[in-house]
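All remarks here apply to the structure that follows.
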Amino acid sequence: MAVEQMNELGFYTLPGAPETPRELIAEVREAEELGIGAAFISERLNVKEAATVSGAVGAVSERIGIATAATNHNTRHPMVTAAYTLTMHQLTGGRFSLGLGRGIEQVARALGLEPITTAQMEDFVAVMRRVWAGDIVLGHDGPAGAFPALAMRGIEPAHIPMTLTAFGPNSLALGGRCFDAVVLHTFFTDETTVRLVRAVKDAAEQAGRDPAEVRVWSCFAAIGDHIPQPVRLKKTVGRMGTYLQAYGDLMVRTNDWDPSVLARFRADPLVADFPGSIDHVATTEQLEHIATLIPEEWLAPSATGTPGQCVDAIRGQFDLGCDGVILHGASPSDLRPIVDEYRRTRSAGAFDDLPANPAGERLS
């Protein structure tokens, strides 16, 4: 007998650096068995190409919601993305949300792409919605690019929910005014989370939308004590170290942390000369050293400890105003004790208005 689906909870399939994308088959099936409501897909240009992974998740699941969180709009032609999204929409019976993000500037430039702007994403969303509605878009020339003709002939018009992974103020405002859901970043303090949720909801209201219809997801590291210590170190210290490598200034500014700590982190000889992403290639010994460079309070916004302590921390994210919590950094197998405890103590009826689609309209 299937357990009740908890559409307020999500997880990332293929977390970190999987040995093979086939790992998602067992992960997604176990997530459905546990009642986790949504599977989120992060894209890396190796064996985690988002369109392929999305199709696989849709094919091996029956109930779970699915969202990319995120892919970039400028790595595929708009019609390729439009077709991919509509295919996923129909394949999954409406469980799919196309999730976009700004990405990392250094990576974009290394690929020969210009960094993504807020105006480009807003223009792209408008174009996608017209194409999915069955419009013929002729002579488009806007921030997202110049396209002579964009159209899908012979389709039934579709509204496909869209998700934005947001960090800075411009992205948060964009999410509120034209996306259906927003995914926040990991390791945000309580004060930051409250402020960012409010920014999204206020932007929605200012755009004449119902703020309740823009779902805000907390991306919340869930690394319980039942996970071996070396793995916990990689998923906390390693992950934070990678974030600080990639966009440390933004992390520090957003959380109002001490920038001198970031400066010391970057100046450390191990970090300064590190050959790649810390969470991918650092040894346990290296992570133990890096842990001495990162204040405990920077890692504190997470679900750690016993299953009961993890659940208390997860519920705290709802108290801060979030509509959903992505249990980040762990597979469904790792999450089982936490999810079982959450289900056991879950308030009946509290989230009955949430659909499986992580960006879908609330149920009446």
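The values are calculated or read from the model by the stated rules, or taken from the named source; none is laboratory data. Keep in mind the model is a prediction, meaning the values are calculated, not measured. Backbone-built Cβ (ideal geometry, glycine too); neighbour counts: all protein chains shown.
At-a-glance table
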| read-out | value |
| --- | --- |
| Those strands (runs of 3 or more DSSP E) lying entirely in the range 116-219 with at least 2 residues among the polar types (S, T, N, Q) and buried (at least 23 other Cβ atoms within 10 Å of the Cβ) | 162-165 |
| Single residue of the range 1-23 satisfying the filter (surrounded by fewer than 17 Cβ atoms within 10 Å (Cβ to Cβ) and charged (D, E, K, R)) that is farthest from residue 280 (Cα to Cα) | 4 |
| Verdict on residue 19 being assigned by TED's automatic domain parsing to the domain that holds residue 331, farther than 30 Å from residue 127 by Cα and part of a loop (DSSP other than H, G, I, E, B) | yes |
| Residue tally, condition in a helix (DSSP H, G or I), surrounded by fewer than 19 Cβ atoms within 10 Å (Cβ to Cβ) and small (Gly, Ala, Ser), over the range 287-323 | 3 |
| Neighbours by Cβ (under 6 Å, 6+ apart or cross-chain): first from the range 97-115, at positive phi; second among the hydrophobic types (A, V, I, L, M, F, W, C) | 103/116 |
| Residue match in the range 298-318 (condition: in contact (Cβ under 8 Å) with a residue 60 or more places away in the chain and charged (D, E, K, R)) | no |
| Filter result for residue 4 (part of a helix (DSSP H, G or I) and under 24 Å from residue 345 (Cβ atoms)) | no |
| Residue 124 vs. criteria more than 27 Å from residue 154 (Cβ to Cβ) and of a type in the set (A, V, I, L, M, F, W, C) | no |
| Where a residue in the range 55-70 is closer than 14 Å to residue 84 by Cα and assigned by TED's automatic domain parsing to the domain that holds residue 29 and its partner, wherever it lies, is part of a helix (DSSP H, G or I) and of a type in the set (Gly, Ala, Ser), with Cβ under 8 Å and at least six apart | 66/54; 66/58; 68/50; 68/54 |
| Positions within the range 79-115 being touching a Lys or Arg at 6+ places or on another chain (Cβ under 9 Å) and buried (at least 21 other Cβ atoms within 10 Å of the Cβ), in sequence order | 88, 89, 95 |
| Candidates 270, 287, 293, filtered to the one that is in contact with an Asp or Glu (Cβ under 6 Å, 6 or more places away or on another chain), more than 25 Å from residue 194 (Cα to Cα) and outside the structural domain of residue 167 (by TED's automatic domain parsing) | 293 |
| Qualifying residue in the range 248-258 (condition: touching a residue at least 12 places away in the same chain (Cβ under 8 Å), farther than 20 Å from residue 183 by Cα and of a type in the set (Phe, Trp, Tyr)) | yes |
| Residue in the range 126-133 that is closer than 25 Å to residue 300 by Cα and not acidic (Asp, Glu) present | no |
| Only listed residue being under 24 Å from residue 105 (Cβ atoms) and not acidic (Asp, Glu), chosen from 154, 175, 208, 224 | 175 |
| Matching residues, the range 324-359, being more than 22 Å from residue 188 (Cβ to Cβ), within 19 Å of the chain's Cα centre (by Cα), surrounded by fewer than 24 Cβ atoms within 10 Å (Cβ to Cβ) and not hydroxyl-bearing (Ser, Thr, Tyr) | 332, 355, 356 |
| Flag for residue 54 being under 23 Å from residue 247 (Cβ atoms) and under 16 Å from the mean Cα position of the chain (by Cα) | no |
| Qualifying residue in the range 24-45 (condition: of a type outside the set (Gly, Ala, Ser), buried (at least 23 other Cβ atoms within 10 Å of the Cβ) and in contact with a Cys (Cβ under 9 Å, 6 or more places away or on another chain)) | yes |
| Subset of the range 33-48 (residues that are in contact with a strand residue (DSSP E or B) (Cβ under 9 Å, 6 or more places away or on another chain) and either on the phi < 0 side of the Ramachandran plot or polar (S, T, N, Q) (or both)) | 34, 36, 37, 38, 39, 40, 41, 42, 43, 48 |
